[in-house]
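Following: one structure in structure tokens, then a few remarks.
The values are calculated or read from the model by the stated rules, or taken from the named source; none is laboratory data. Note that the structure is a prediction, hence the values are computed from the model and not measured. Each accessible area value is taken on the protein alone, full model and side chains, heavy atoms only, with ligands, DNA and RNA left out. Shrake-Rupley method; radii C 1.70, N 1.55, O 1.52, S 1.80 Å.
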Amino acid sequence: EYGRVGTMGDEPVGLRTAGGVTLGSRVVDVLGEFPDATLVTGDPELELPDYFYVGDDSFMGWLSGIGEDDFVTVLFGGYRCG
């Protein structure tokens, strides 16, 4: 997990993908590096934000929305439990 759930943070500073996607990157930039990424509208009742995932779901991130100018708030890498 990179970023703080519920807040904007950038620790450790400078962590990013090979193509430059990091916290605060726009959705259009995520899709530029990962054209096969899937965008998903979250569920406010479950407190699940909008998010994207790439491929087998081992790389994903939470988003401020799914519009091109919305941005990445948290990034997750690796396989998750459940």
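Provide the per residue accessible area, probe 1.4 Å, for the range 12-67, rounded to a whole number of square angstrom.
On a per-residue basis, 57 Å².
The slack between LEU46 and ARG16, meaning 0.36 nm per residue of separation minus the straight C-alpha distance, is 7.9 nm. Computed in the context of the full set of protein chains, the accessible area of the range 18-82 at 1.4 Å probe radius has 53% of its extent on carbon or sulfur. Shown for the range 33-82 is the translational diffusion coefficient from the Stokes-Einstein equation, using the Kirkwood radius over Cα pairs, a temperature of 10 °C and a viscosity of 1.306 mPa s: 141 µm²/s.
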